[in-house]
Amino acid sequence: MNESQGANESHRFSSRWGLILSVLGIAVGTGNIWRFPRIAAQNGGDEGAGAFLVAWLVFLLIWSVPLIVAEYGLGRRSRLGVVGTFATLAGGRFAWMGAFVGFVASAIMFYYSVVAGWCLFYFGEVIATPLPINLETATATWERFQAAGWPLLLHALAMGVGVAVCMKGVSSIERANKFLVPSLLIIIIISVIRSLTLPGSFAGVAYLFTPQWSQLGNPRLWLEALTQNAWDTGAGWGLILSYAVYMRTKDSVVKNAFITGIGNNTVSLLAATMIFGTVFSVLGSEMSRPEVLDVMRSSGPASTGLTFIWMPQLFAKMHFGKLLAALFFLGLSFAALSSLISMIELATRMFVDAGLTRKKALSAVGVVGFSFGIPSALSLDFLGNQDFVWGVALMICGAFIAFAVIKYGVNRFADEVNDSPASDWKLGVVWRNLIRWLVPLQAIVLLVWWMGLAATVYAPDDWMNPLNPYSVMTCIVQWGVVLIILVVLNRRLAGPWSGRSALYSAD
């Protein structure tokens, strides 16, 4: 068998359970545990954060699930990575779109590996040393960590672990996720139960779930909700598509998509329940509610404040806090590694499809991933910029995934999904209209909203300066450079699949 074709059953997930756990490994990452509680707090009002949850759940149904369905179906149909899928199903002229989706996921991988290293460090730190008892001690720990070269070393370790897991392909990826994901879920459930036993914790839980309906009129809340849902679920990244290459033909597309989206968002809510409960319980007796919320909203350098500076202090004030801190950072490490593995596999799959052996492809991805991650390991400002630029680019990626389905034929795609297996739910007119009209419209409208916010709120006096890490222009320049290069190289990118798109159109 040609390895790039992925057609042999030995190169498939051994079971539906293995597939679902592996895709949940993509979806459940630091975005659920590190990012989601902070974003919910930042978008909460005086009464609560429930309005943000409403918008976030709306986008689960009208953005994430439709795109997850598309990724499952596209990967299963093409048995190729993102570039090959676009070249064969959308047409050779659009290989650059698949390459852009792959580049965005890889650009996130470069700094995500650094963040995984942070998680590993703090897991070891809370075991080996006493927990910090105040803000000064916690900040000193963070600054000592950043200054000592640990971020670079642990970035290398995280990339090395991810490459090692991917070396034997889908079988080793499946085995790793069968351990990582259930272990993570057990850790989160234990942490939630412990947080809910703390006095005053239900004040935090009540705040999380109480809606302040007037906030739904704020465009920024909707933008934040869409961005977070894209981060939460991995929809539009091309990661699920890359794993779907290895799914068995008899496995469900639609049911698995709903399980992926709902399972992921459930983990986010559990993580937020734990963190809101813990923060309100420990700080509620010392601070007013606005002060407690300021702590949760204060992102710190590269959005590290709540997770890496405040949480260790809070655990220090609890009975069995050291154990809970160790579990928290172990769970965060598992979440980071399971997602990092999928990013490495996406990049590797593109090289394998182009004709490289898996060993050579993984070696290249490992070296490039480590090298391009060095600036983020050495500079929090650079990491923050990359998180900002490529996080927003996920909206473009989602639109491109929808375009691939539209170009292939929405009705044709839905009919193929509906044909197999018989036990799966059927794609009806709602999904067809969502993927054909609403997903592209959401991407366009929210991208325009974001540009307006970036120009008036994020960097109002410097939005045209590409050197400002949070300006509109830094995104436009970086996106533009990558897109121009990929469009120029489109013929070469599409080369390995020349003529194959005609075979797909003749099916």
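The values are calculated or read from the model by the stated rules, or taken from the named source; none is laboratory data. Because the structure is predicted, anything quoted here is derived from the model rather than measured. Positions of Cβ are generated from backbone atoms using ideal geometry, with glycine treated the same way; all protein chains shown enter the neighbour counts. Calculation scope for accessible area: heavy atoms of the full protein, side chains included, ligands and nucleic acids excluded. Shrake-Rupley method; radii C 1.70, N 1.55, O 1.52, S 1.80 Å.
Key figures
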item: Residue within region 117-128 that is farther than 28 Å from residue 187 by Cβ, hydroxyl-bearing (Ser, Thr, Tyr) and modelled with pLDDT of 95 or more present; result: no
item: Qualifying residue in region 178-200 (condition: open to solvent by less than 10 Å² (accessible area, probe 1.4 Å), polar (S, T, N, Q) and touching a residue at least 12 places away in the same chain (Cβ under 8 Å)); result: yes
item: Tally, over region 465-491, of residues that are basic (Lys, Arg) and either in a loop (DSSP other than H, G, I, E, B) or under 18 Å from residue 380 (Cβ atoms) (or both); result: 0
item: Residue satisfying condition, being open to solvent by less than 10 Å² (accessible area, probe 1.4 Å) and at negative phi, within set 92, 117; result: 117
item: Residue match in region 60-79 (condition: open to solvent by 10 Å² or more (accessible area, probe 1.4 Å), at positive phi and touching a residue at least 24 places away in the same chain (Cβ under 8 Å)); result: yes
item: Test for residue 294: is it within 30 Å of residue 111 (Cβ to Cβ), at pLDDT below 90, open to solvent by 10 Å² or more (accessible area, probe 1.4 Å) and not aliphatic (A, V, I, L, M); result: yes
item: Residue that is out of contact with any strand residue (DSSP E or B) (no Cβ under 6 Å at 6 or more places or on another chain), in contact (Cβ under 8 Å) with a residue 12 or more places away in the chain and buried (at least 24 other Cβ atoms within 10 Å of the Cβ), where the choices are 239, 324, 270, 330; result: 239
item: Any hit, region 445-465, residues being over 30 Å from residue 218 (Cα atoms), open to solvent by 40 Å² or more (accessible area, probe 1.4 Å) and touching a helix residue (DSSP H, G or I) at 6+ places or on another chain (Cβ under 7 Å); result: no
item: Residue under evaluation residue 394, criteria (1) on the phi < 0 side of the Ramachandran plot; (2) modelled with pLDDT under 95; (3) out of contact with any helix residue (DSSP H, G or I) (no Cβ under 6 Å at 6 or more places or on another chain), criterion not met; result: (3)
item: Flag if residue 38 is closer than 21 Å to residue 405 by Cβ and either open to solvent by less than 10 Å² (accessible area, probe 1.4 Å) or in a helix (DSSP H, G or I) (or both); result: no
item: Filtered residue count, region 364-406, keeping only those that are of a type in the set (S, T, N, Q) and touching a residue at least 12 places away in the same chain (Cβ under 8 Å); result: 3
item: Wholly enclosed helices (runs of 4 or more DSSP H) of region 143-257 bearing at least 3 residues of a type in the set (S, T, N, Q) and within 19 Å of the chain's Cα centre (by Cα); result: 219-233
item: Residue within region 309-320 that is of a type in the set (Val, Ile, Thr) and either at pLDDT 90 or above or within 30 Å of residue 59 (Cα to Cα) (or both) present; result: no
item: Residue tally, condition hydroxyl-bearing (Ser, Thr, Tyr) and under 29 Å from residue 381 (Cα atoms), over region 247-277; result: 1
